[in-house]
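One structure below.
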């Protein structure tokens, strides 16, 4: 029987490929014999991606082959139950919308495609799950599981079990879009500000609003305003939405050399402010609106009330003798529902706490942990740029939790958090923490030599 050149080439390719153990560094002498080795098997998956509204090819769209088990058993962000669910593969389409995966390991796959402005299957899966359930330590309920199955049934699926090519086309659905501007209340544009959207969860459980995610979370690119404060969010499935603007304030000094970059914070504070549709810092007071597939909603403008934002700063002091406590974390919460607003840490360079971007209103200022700390310099890495020396914090005495009400109507300085001595339960917890830190320090420096 005469063997074709194509078949000979395929046999050569398979025999020349390293076995999984050899790929992991096993020498040929340790590898199993040829009769017991598992020969890798590959197929071909190809097709086209089209835009549903224009019937034209989707150029430079990203196509994914994702193992079916990875989407059936884990969330849309690619989180798994700890087991390897297989290899995900991606490729970009050509200018005629075509794609081809030449070496696809045998198995079952979902075929998904992403293109800006079109509804992502990952968005639908996120909505079906009711948001990032696994991040909150929750398991999906029967409604979420049923909704997820419905979404998965709408995603093309292929079963690669031979070297014969499999052809499958994907059609993308044009989503809705929101655009508007973000400005400060003095009329200047807010440039480089992060903008996102919340979509109403149809399951409407404990949290009726969940983040809109157009792609898996590990691939997500932030949307920020341009030099005119303009933004646009696209690819939205039909639903009810709220726009979210996040303003951050991070004060740090950065030292840059020709070989490396290093930065150090001068006060350990990164403050942020969230403003929702309706120009409110509270989600419960936000204004929502509906979007249909393919709808372009303009004029969703948001104004940041700079004239009503203030700075709150102060110090931790011992309630026992009044001395300043040089390390701790202060937390600011809304007084009515105890919802989190911001947090600030005391550091070596600034033993106090500072909150920026605090809206006028009533709050609870609290501290669950603070301590008298010795800051000990440690050996710095070699650098051609003089930088502040690194240090290690060594707690000497911990203090207990405390909360105080405050009203913010303007800038507030010299606010005092009088921290009490720890109660019995806190003292036991702090002792265990201190022992753990000492053990870690001994492991890092077992010789006991000065660092």
**Item:** Every residue from region 345-370 that is closer than 22 Å to residue 426 by Cβ and at pLDDT below 90
**Value:** 345, 346, 351, 369
**Request:** Could you please let me know if residue 435 is over 19 Å from residue 323 (Cβ atoms), modelled with pLDDT of 75 or more and not in a loop (DSSP other than H, G, I, E, B)?
**Result:** yes
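From the list 111, 104, 151, 158, pick out the single residue that is modelled with pLDDT of 90 or more and assigned to a helix (DSSP H, G or I). It would help to see each step written out before you state the result.
Values: 111 fails: assigned to a helix (DSSP H, G or I); 104 fails: assigned to a helix (DSSP H, G or I); 158 fails: assigned to a helix (DSSP H, G or I).
Sole residue among the options that is modelled with pLDDT of 90 or more and assigned to a helix (DSSP H, G or I): 151.
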**Prompt:** Which residues, taken from region 88-109, are more than 15 Å from residue 44 (Cα to Cα), under 31 Å from the mean Cα position of the chain (by Cα) and surrounded by fewer than 16 Cβ atoms within 10 Å (Cβ to Cβ)?
**Reply:** 92, 94
**Message:** Restricting to region 193-212, and then to whatever is in contact with a strand residue (DSSP E or B) (Cβ under 9 Å, 6 or more places away or on another chain) and in a loop (DSSP other than H, G, I, E, B), can you tell me which residue is modelled with the highest pLDDT?
**Reply:** 193
**Request:** Within region 407-421, work out how many residues are part of a strand (DSSP E or B), over 13 Å from residue 330 (Cα atoms) and within 34 Å of the chain's Cα centre (by Cα).
**Result:** 4
**Asked** So is residue 371 in a loop (DSSP other than H, G, I, E, B) and over 26 Å from the mean Cα position of the chain (by Cα) or not?
**Response** no
**Message:** The conditions are (1) on the phi > 0 side of the Ramachandran plot; (2) assigned to a loop (DSSP other than H, G, I, E, B); (3) at pLDDT 60 or above, and residue 47 fails exactly one of them. Which is it?
**Reply:** (2)
**Complete:** How many residues of region 387-413 are closer than 12 Å to residue 327 by Cβ, at pLDDT 90 or above and in contact with a helix residue (DSSP H, G or I) (Cβ under 7 Å, 6 or more places away or on another chain)? The answer is 1
**Asked** Name the residues in region 391-406 that are assigned to a strand (DSSP E or B) and closer than 21 Å to residue 338 by Cβ, would you?
**Response** 402, 403, 404, 405, 406
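Among the residues of region 290-303, which ones are in a strand (DSSP E or B) and either free of Cβ contacts under 8 Å to residues at least 40 places away in the same chain or exposed (fewer than 13 other Cβ atoms within 10 Å of the Cβ) (or both)? Spell out how you get there, then give the answer.
Within region 290-303, the subset in a strand (DSSP E or B) is 290-291, 296-297, 302-303.
Of everything in region 290-303, those that are in a strand (DSSP E or B) and either free of Cβ contacts under 8 Å to residues at least 40 places away in the same chain or exposed (fewer than 13 other Cβ atoms within 10 Å of the Cβ) (or both) turn out to be 290, 296.
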**Request:** Quickly run through region 139-167 and pick out the residues that are surrounded by fewer than 17 Cβ atoms within 10 Å (Cβ to Cβ), farther than 30 Å from residue 290 by Cβ and over 26 Å from the mean Cα position of the chain (by Cα).
**Result:** 157, 159, 161, 162, 163, 164, 165, 167
**Complete set of residues in region 304-342 that are assigned to a strand (DSSP E or B), within 27 Å of the chain's Cα centre (by Cα) and surrounded by fewer than 17 Cβ atoms within 10 Å (Cβ to Cβ)** = 329, 340
**Request:** Could you run through region 275-289 and say how many residues are part of a loop (DSSP other than H, G, I, E, B) and over 27 Å from residue 353 (Cβ atoms)?
**Result:** 6
**The lone exception for residue 377 - which of (1) within 22 Å of residue 246 (Cβ to Cβ); (2) surrounded by fewer than 20 Cβ atoms within 10 Å (Cβ to Cβ); (3) free of Cβ contacts under 8 Å to residues at least 24 places away in the same chain it fails** = (1)
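The values are calculated or read from the model by the stated rules, or taken from the named source; none is laboratory data. Small disclaimer: the values here were computed from a predicted structure and weren't measured. Cβ atoms come from the backbone with ideal geometry, glycine included; neighbour counts cover every protein chain shown.
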